[in-house]
Amino acid sequence: MTSFDYSSIKSNIIAHKVESYTYTYGTAGFRTKAELLDSVMYKVGILATLRSKKLGGATIGVMITASHNPEEDNGVKLVDPRGEMLEQSWEGYATSLANAKGGDALAEVVEEIVAANKIDTEAPAAVIYGYDTRPSCAELVKCLELGLEVSGAKATNFGLKTTPMLHYLVRCINTANTSDSYGEPTEEGYYKKLSEAFKTSVKGKSRLSPLTVDCANGVGAPKLREFLRYLPEDVLSVNIMNDDVTSLGKLNKDCGADYVKTQQRAPPGSKIAPGSRFCSYDGDADRIVYYFVDSNGTFRLLDGDKIAGLAAMFIMELVHDAGISSIKVGVVQTAYANGSSTNYLTKVLNVPVSCVSTGVKHLHHEAEKYDVGVYFEANGHGTVLFSPEALNTIKTTEAKTPAQKHAIDQLQALTELINQTVGDAISDMLLVETILTNRQWTCEEWNQAYTDLPNRLVKVVVKDRHIFKTTNAERQLVEPVGLQGEIDALVAKYANGRSFVRASGTEDAVRVYAEASTRAETDELASKVAQLVYDRAGGVGGRPLSS
Ligand code: 16G
Ligand code: MG
């Protein structure tokens, strides 16, 4: 193992490309045009090593992906030892490192991090990394490897991976040979764990009609294909579409979860017809939405809110049938959750619901507060977390009746089936398929839980989005002062009206969300609130955009 090499770091092997560009480690790590990222990758390599050294040599993960962004973008995020997102207090270090121009500035930031965290730079460090199908990954991996080398990490390249697989691997490696072992730290181990759990979950039930999976022409395609080798056709029947990961320009283009959610339509070319069941992954397969067309031929989206409702309902019934009264289920949403979903959860399922700020890490941390925490963003990012106590209770409860035994076995299988490190399109898909198979439900039956309120998302480009400051899980503006009062006055005029405004964490824009009883009222409310924002903040480039 090489040691921590300050002189190499000072020589600033990979220089900052565009002097004026400022990088930010945001909700999904660094994400921008791939050509701006080589110096960032190098520095992320150094940061990952420091993080590992700080945590006693625990393995840290680095994932190179830009998720649902266009193919020419790329990005990178760090994974902490239990497979969760990088601790928030380190995000600032990531940003400072990325913006350090020149070798001396870089060494200075490194020294600051070392001093502030009392890091022994000669301590051992281990980092694993993976990447998606983007053409820019190969070059960026080399930059990352240089950073890992100059900082002295034991580095392992896990190759092409979905984001959630990398999270899984990190957790497996760090829990190997402990009582808390998460699984075999290989891709095959991941496939085996999920496929075995799925077989148990649907045992004795008739297989559903085939499911069509749109893989966004991304890494989900080869990985799902590989996974299916572990599941016989008579257990789960899947047709894969949008699986071209070699032609340039196809990734996320007119397909994938983000396209389907924002366009509210199936990808062009999909042979969707009444009775068929579809889902779409995003480019790194950590996000999923389902959809179908009803008997009238109308497109119906089953988004993250619908998945959360389905999962909460099923798990609560299993807990009840298992006779386990100590396990309480809770659901975590963001302000983007449809008002009807929140109503269904709180009034029909009687389950506690928390609302937190946008971004997986916020939902994940809140979900950890429940015995079983179901969390989903409306856009399809989410999973279910079982607390260590809940896992133990499920493992040790003795069944008194065959029905109880069945429910306990089902719960046990779910704890294996669900990727508890982060939202995972493959694992979430298996969760939905488990529930639908157990109920022998069609998507139409699933969709009957509640009817979404019409909603609209509008993007407003302003001079400076940072003047928008929110509180109450982004549901209210505190700045610009007075604007919230004006929004409230507008909202009060609409039945079931709700609207909120927040600065995007991933784009240079402000987002306006609105919902109301009818489509026309929703559109009117959204456009009036967008106009308020535009007028107050000096909108740029004409009228606000619907997106
Ligand atoms: C990122 C987040 C996603 C969130 C989105 C909001 C992760 C892994 N991803 O993609 O959860 O919904 O940002 O984007 O946390 P916005 O701030 O531009 O609205
Ligand atoms: Mg993603």
Efficiency of FRET from Cβ geometry, S295 and T200, R₀ 22 Å, rounded to 0.05: 0.05
Label-point separation, T178 to E139 (7 Å along Cα→Cβ), nm: 3.9
Percent RCO, i.e. relative contact order, over the chain, from Cα pairs under 8 Å lying at least 6 residues apart: 12
Span per principal axis, largest first, for the Cα atoms of the stretch 45-87 (Å): 37, 20, 13
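Please figure out what share of the DSSP beta bridges in the stretch 45-184 is antiparallel and state it in percent, rounded to the nearest 5.
30
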Debye equation applied to the C-alpha atoms of the stretch 6-160, log10 I(q)/I(0) at 0.14, 0.16, 0.17 Å⁻¹: -0.59, -0.79, -0.90
Compactness of the stretch 409-450 - radius of gyration and Dmax, Cα, Å: 11.4, 30
The stretch 455-537, relative contact order in percent, only Cα pairs under 8 angstrom and at least six apart counted: 38
Calculated over the stretch 331-407: convex hull of Cα atoms, volume per residue (Å³): 104
Placed amide H near S504: partners under 5 Å, 5+ positions off or other chain: A509, V510, R511
Per-pair calculated FRET efficiency, R0 = 35 Å: Y21 and E445 via Cβ, rounded to 0.05: 0.10
Euclidean distance of C-alpha centroids, the stretch 88-150 and the stretch 326-375, integer Å: 34
Kirkwood Rh in Å, taken over all unlike Cα pairs in the stretch 455-537: 12.5
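Once Rh is set to the Kirkwood radius over Cα pairs, what Stokes-Einstein translational diffusion coefficient, in µm²/s, holds for the stretch 304-447 at a temperature of 25 °C and a viscosity of 0.890 mPa s?
163
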Of K17/K118; K347/K469; K306/K361; K261/K395, those spanning more than 29 Å from alpha-carbon to alpha-carbon: K17/K118; K347/K469; K261/K395
Percentage relative contact order, the stretch 21-140, counting C-alpha pairs under 8 Å, at least six apart: 38
P(r) of the stretch 133-287 over all Cα-Cα pairs, binned every 5 Å from zero, in whole percent: 2, 8, 14, 17, 18, 16, 12, 7, 4, 2, 1, 0
Ratio Rg/Rh [Cα only; Rh per Kirkwood] for the chain: 0.97
Fewest-first ranking of R536, R171, using other Cβ atoms within 10 Å as the exposure measure: R536, R171
Per DSSP, loop trypsin sites (Lys or Arg not before Pro) in the stretch 1-31 with at most 15 further Cβ within 10 Å: K17
Under 5 Å, built H, 5+ apart or other chain: amide partners of Q476: T471
Sites matching trypsin sites (Lys or Arg not before Pro) across the stretch 54-151 that sit in DSSP coil, with at most 13 neighbouring C-beta atoms within 10 Å: K101, K118
Among beta bridges that DSSP assigns inside the chain, antiparallel share in %, nearest 5: 60
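Coordinate-derived values only; no laboratory data. What you see is a predicted model, and the numbers here were worked out from it, not measured in a lab. So basically every Cβ, Gly included, is an ideal-geometry build from the backbone, and we count neighbours across all protein chains shown.
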